[in-house]
Amino acid sequence: MVVYLKKDDKIHYLSGHVVPQVGNLFVDMLTMTLDIPEEDHAKTMAGFQKTKESGDGKPFSKTAYSHNLKLSSENEADILIHCKPTIAKQTGNKYRFFRIEFNPSKANLDNLKKNIDLILPGGYAKLMKDGIVTRIDLAVDALYLDATDIVASHPKIKVEKHYAHNGVIETKYLGAPSSSKQIVLYDKLAEIKHRNSKKGKAFKIPVPGEKIFRIEHRFFKLGCTLKDVASLPNPFTDLTLIAYPGSKSTKSQDPLWTLFLSACRFEGVPTALNHLNAERQEEFKKRLDTEGRSDWWKPEAVWQGLPLAINKIISVKGYLPSLPSLKS
């Protein structure tokens with residue numbers, strides 16, 4: 001049984017290291033398409049035009065659709081909508097008449113509902129009910145960790161890719177880019193700083209004071225409704241995440257140990273062990289078990305938050321017209 005101590009509003013292991021805290025599951029990206037009956041095509045395109053004229057939507061460069069609007073403000077991540085595809089097929093998949101791409105966790109959903117209600121016949125409610133999810137990113141954040149603290153593995157995924165900055169891993173991809181599923185693990189603070197540094201980027205995100213490790217599963221080419229996403233198998237079940245939070249901060253730091261952990265992150269544990277002689281292999285195998293912390297990572301508990309995460313997107317009230325006050 002793992003024993004914890006609480007001090008300074010944080011939970012610690014007996015070793016003194018802070019126990020990572022995993023937040024609630026949320027949707028970090030959502031792309032949906034929707035079939036619109038032919039008799040409503042003109043009405044939908046007229047809705048795009050009115051939204052453009054009102055200033056609520058800004059046109060952007062041409063895509064596979066003839067009508068393209070950005071609904072987001074300067075204080076939001078991009079919300080992109082499209083209608084009337086200009087090509088019937090691409091790689092064998094038929095385009096639906098309407099498409100939306102946005103990050104629900106960074107969008108003003110009430111304002112989005114107001115705009116979609118004015119554009120689409122059936123409005124936001126129809127989009128959420130009948131829209132087909134083509135991509136959804138499901139994510140959680142773990143506080144007090146970064147990518148260099150973690151050794152990650154998945155028995156069913158062989159293709160891995162790493163992105164590093166100045167020799168330090170900031171992002172790890174599990175799964176090929178062309179596949180229908182991909183796990184992405186990354187240092188959220190590094191990602192925020194990189195985005196904020198881009199020239200012309202109006203939407204700046206405050207940089208948190210604590211380390212944040214983003215754990216994200218991306219579904220591509222799903223082909224189901226948003227409500228049906230809740231019935232998918234838990235994609236985090238086979239993901240093993242072992243933290244070594246004290247490997248870089250101990251006073252009696254062992255350079256060979258930190259190099260070994262780095263090799264584990266880049267090459268996997270079996271390959272990293274092959275760099276050592278037999279005696280060191282046995283020693284480091286024991287250290288992997290005794291110093292590694294996996295009790296904080298509970299995939300079943302994470303997945304229980306999916307219905308609430310989806311409901312936050314579906315059950316949006318929007319902006320209701322204010323009623324005149326009654327005078328006595």
Somewhere in the range 48-62, is a residue within 30 Å of Leu80 (Cβ to Cβ), open to solvent by less than 60 Å² (accessible area, probe 1.4 Å) and not in a loop (DSSP other than H, G, I, E, B)? yes
Test Leu112 against the stated conditions and say whether it is in a strand (DSSP E or B) and either closer than 15 Å to Ile313 by Cα or in contact (Cβ under 8 Å) with a residue 24 or more places away in the chain (or both). no
Considering Leu25, Leu69, which residue is in contact (Cβ under 8 Å) with a residue 40 or more places away in the chain and crowded, with 17+ Cβ neighbours inside 10 Å? Leu25
If you go through Glu76, Glu101, the only one that is open to solvent by less than 70 Å² (accessible area, probe 1.4 Å), in a strand (DSSP E or B) and not assigned by the TED database to the domain that holds Pro299 is Glu101
Condition check for Gly175: at positive phi and at pLDDT below 85: no
Go through the range 1-22 and report how many residues are aliphatic (A, V, I, L, M) and surrounded by 10 or more Cβ atoms within 10 Å (Cβ to Cβ). 6
When residues of the range 241-279 are limited to those that are open to solvent by 80 Å² or more (accessible area, probe 1.4 Å), over 20 Å from Ser15 (Cα atoms) and among the charged types (D, E, K, R), the one modelled with the lowest pLDDT: Glu267
Sort out for me the strands (runs of 3 or more DSSP E) sitting completely within the range 135-189 that have 1 or more residues that are among the basic types (Lys, Arg) and free of Cβ contacts under 8 Å to residues at least 40 places away in the same chain. 160-165
For the range 11-28, give me each residue that is closer than 12 Å to Leu145 by Cβ and part of a strand (DSSP E or B). Val18, Gln21, Val22
Given the structure, is Lys181 touching a strand residue (DSSP E or B) at 6+ places or on another chain (Cβ under 9 Å) and at pLDDT 90 or above? yes
Does Lys43 qualify as being at pLDDT 95 or above and open to solvent by 50 Å² or more (accessible area, probe 1.4 Å)? yes
What tally of residues in the range 280-300 results from selecting those that are without any contact (Cβ under 8 Å) to a residue 40 or more places away in the chain and open to solvent by 60 Å² or more (accessible area, probe 1.4 Å)? 7
Matching residues, the range 211-236, being in a loop (DSSP other than H, G, I, E, B) and open to solvent by 70 Å² or more (accessible area, probe 1.4 Å): Lys211, Pro233
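The values are calculated or read from the model by the stated rules, or taken from the named source; none is laboratory data. Because the structure is predicted, anything quoted here is derived from the model rather than measured. Here Cβ is always computed from backbone atoms with ideal geometry, including for glycine, and neighbour counts include all displayed protein chains. Note: areas computed on protein heavy atoms with side chains; ligands, DNA, RNA excluded. Shrake-Rupley method; radii C 1.70, N 1.55, O 1.52, S 1.80 Å.
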